[in-house]
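The values are calculated or read from the model by the stated rules, or taken from the named source; none is laboratory data. All values reported here derive from a predicted model rather than from experimental measurement. Using ideal geometry, Cβ is built from the backbone for each residue, glycine included, and neighbour counts are taken over all protein chains shown. Accessible surface areas use protein heavy atoms only, side chains included; no ligands, DNA or RNA. Shrake-Rupley method; radii C 1.70, N 1.55, O 1.52, S 1.80 Å.
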Amino acid sequence: MTEKPVINYGLEGIYVDESAISKVDGQNGKLWYRGYSVESLAEQSNFEEVCYLLLNGKLPSKAEYDEFSRKLWNRRDLPAEVKDIIKVMAPRSHPMDIMRTATSMLVMYDNDPNNKENSATLDKVITLIAKLPSIAAATGRFREKKEYIPPDDSLSIPSNFLYMLTGKKPTKFESKLIDLMFILHAEHSTNASTFSVLVTASTLADVYAATTSGIGTLKGPLHGGADEAALSMMNAIGNPDNTEKYIEEALEGKQRIMGFGHRVYKTYDPRAKLVRSYLEESLTKEPSDEVRRLLQIALRAEKLMIDKLGSTKGIWPNIDFFAGPLYRVMGIEGQMFTPIFVASRMAGWGSHIVEYWHNNKLVRPVEWYTGQLDLKYIPMSER
Ligand code: CMC
């Protein structure tokens, strides 16, 4: 071929597979997991049930739900070596680097990591869904030089995560909030990290290798890292009255406002709407001055951005914009936000691995070469 082909930079608009796991309607701001709207799941389901749904393609019966949850809950504790490495890394590494390293270690405890039978893959994914929240919680504990807290058998995966992180049993409202965040982050079709997971899985590497790829990809501020970056921006704004000036100047300087814009959503992200509504509800629960201030900043930034860029460029708030203030309602620090994203997204990553391996095809795109050809090699002594 001599004519330059059409290149879809960033694979924008390219279909890479078929999937029955989730559907993102970017024009109308809608999201479904296995056919169920994310709003209905957020209001009526819980994280464990959503994991079952994503992995198995149907809602569980009571017996299936109990068995699945029990399996998850029983696997939450961490091996001693994993705790040790988290402790070593905690003082000098970002929690996402710790997540990546500690998750990779879990392959050591699998006697048959390369077994790709459907039931074996599901089992590995269940182990990872169980252990990733504990890795995140242990990371948070050791960062604050506190002791590891073993899982509590009476708590769900999200509530137990909060307990293992803070040492306090969550209130009913906190349990609802953390469960909501786990559900909303569980799955989002072929985003960058899921694609990265599938690229690794497509080589027939193991589930742990694929997951580690996903964590590395999720770290960046254009993807999962936007939640931490958005909170940093709100803290840099400081006083709500500085919001408009800060945003105007940032836009004039061609900076991106973190927590806004999306490759697929060209309208309000339905997940962001839900997070925003729970953030507003938290105002009725006597939140801290910090949370009140963050919410004021967020609402003023949201209004300005929608006025300026909503209808003109299709740039609206995404899930990461209001996530930070809501995590602050639960007392969670900024660097822990993306690890929570990892812990929740494992359900989606795992579901995609299971689905992809039913019809595996090595991912190997092509690029248009712009360099030279047939150069004459000159020995080093003659250069
Ligand atoms: N603030 C200001 N301008 C923006 C923003 C933003 N957040 N996002 C996009 N734009 C502008 C961009 O500058 C460009 O303008 P122009 O056409 O004048 O050069 C135009 O919009 C298109 O941007 P793009 O980067 O080509 O579009 P994309 O589809 O590749 O971008 C994005 C998607 C998410 C990378 C981008 O919107 C962004 O950088 N947002 C901030 C980071 C963020 O919040 N990421 C989380 C995404 S949702 C959760 C997740 O999946 O992790």
Checking Trp349 against (1) open to solvent by less than 10 Å² (accessible area, probe 1.4 Å); (2) within 23 Å of Phe260 (Cβ to Cβ), the condition it does not meet: (2)
Check on Ser344, in contact with a helix residue (DSSP H, G or I) (Cβ under 7 Å, 6 or more places away or on another chain) and either hydroxyl-bearing (Ser, Thr, Tyr) or surrounded by 24 or more Cβ atoms within 10 Å (Cβ to Cβ) (or both): yes
Residue within segment 143-160 that is assigned to a helix (DSSP H, G or I), at pLDDT 95 or above and of a type in the set (A, V, I, L, M) present: yes
Segment 38-59 residues that are farther than 16 Å from Pro158 by Cβ, paired with ones that are of a type in the set (Lys, Arg) and buried (at least 22 other Cβ atoms within 10 Å of the Cβ) (beta carbon under 6 Å, 6 or more apart): none
Considering residues of segment 30-73 that are open to solvent by 60 Å² or more (accessible area, probe 1.4 Å) and assigned to a loop (DSSP other than H, G, I, E, B) only, the residue nearest to Ser19 (Cα to Cα): Gly35
Subset of segment 197-207 [open to solvent by 10 Å² or more (accessible area, probe 1.4 Å) and away from the ligand (no atom under 16 Å from the Cβ)]: Val199, Thr200, Thr203, Leu204, Ala205, Asp206
Filter pass, Ala298 being more than 12 Å from the ligand (Cβ to nearest atom) and of a type outside the set (Phe, Trp, Tyr): yes
All positions within segment 248-263 that are more than 8 Å from the ligand (Cβ to nearest atom) and either under 16 Å from the mean Cα position of the chain (by Cα) or acidic (Asp, Glu) (or both): Glu248, Glu249, Glu252
Residue ID - farthest from Met336 (Cα to Cα), chosen from residues in segment 98-133 that are open to solvent by 30 Å² or more (accessible area, probe 1.4 Å) and free of Cβ contacts under 8 Å to residues at least 12 places away in the same chain: Glu117
Segment 175-196, subset within 13 Å of the ligand (Cβ to nearest atom) and polar (S, T, N, Q), residue most open to solvent (accessible area, probe 1.4 Å): Thr190
Criterion: open to solvent by 40 Å² or more (accessible area, probe 1.4 Å) and either of a type outside the set (Phe, Trp, Tyr) or under 30 Å from Arg143 (Cα atoms) (or both) - qualifying residue of Glu333, Glu302: Glu333
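Among the candidates Arg293, Arg276, Arg271, single out the residue that is closer than 20 Å to Asp227 by Cβ, surrounded by fewer than 20 Cβ atoms within 10 Å (Cβ to Cβ) and not hydroxyl-bearing (Ser, Thr, Tyr).
Arg293
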In segment 213-232, residue nearest to the ligand (Cβ to nearest atom) [restricted to those that are buried (at least 24 other Cβ atoms within 10 Å of the Cβ) and part of a helix (DSSP H, G or I)]: Ala226
Among residues of segment 140-174, those that are open to solvent by less than 40 Å² (accessible area, probe 1.4 Å), within 18 Å of Ala102 (Cα to Cα) and out of contact with any Phe, Trp or Tyr (no Cβ under 9 Å at 6 or more places or on another chain), counted: 2
Some residue of segment 268-283 being of a type in the set (Lys, Arg) and within 13 Å of the ligand (Cβ to nearest atom): yes
Number of the condition not met by Ala136 [criteria: (1) among the hydrophobic types (A, V, I, L, M, F, W, C); (2) free of Cβ contacts under 8 Å to residues at least 12 places away in the same chain; (3) touching a helix residue (DSSP H, G or I) at 6+ places or on another chain (Cβ under 8 Å)]: (2)
Pair list, Cβ < 7 Å and 6+ apart or interchain, from segment 291-315 residues that are within 20 Å of Glu280 (Cβ to Cβ) to residues that are more than 12 Å from the ligand (Cβ to nearest atom) and of a type in the set (Lys, Arg): Val291/Arg328; Leu294/Arg328
Contacts under 7 angstrom Cβ, first residue in segment 331-352 being under 25 Å from Thr171 (Cβ atoms), partner hydroxyl-bearing (Ser, Thr, Tyr) and assigned to a helix (DSSP H, G or I), 6 or more apart: Gly331/Thr166; Gly334/Ser232; Phe337/Tyr327; Pro339/Thr139
Scan of segment 233-258 for residues that are part of a loop (DSSP other than H, G, I, E, B), more than 17 Å from Ala323 (Cβ to Cβ) and open to solvent by 40 Å² or more (accessible area, probe 1.4 Å), ordered by number: Asn239, Gly253, Lys254, Gln255
Odd one out for Ser282, checked against (1) more than 20 Å from the chain's Cα centre (by Cα); (2) at negative phi; (3) open to solvent by 30 Å² or more (accessible area, probe 1.4 Å): (3)
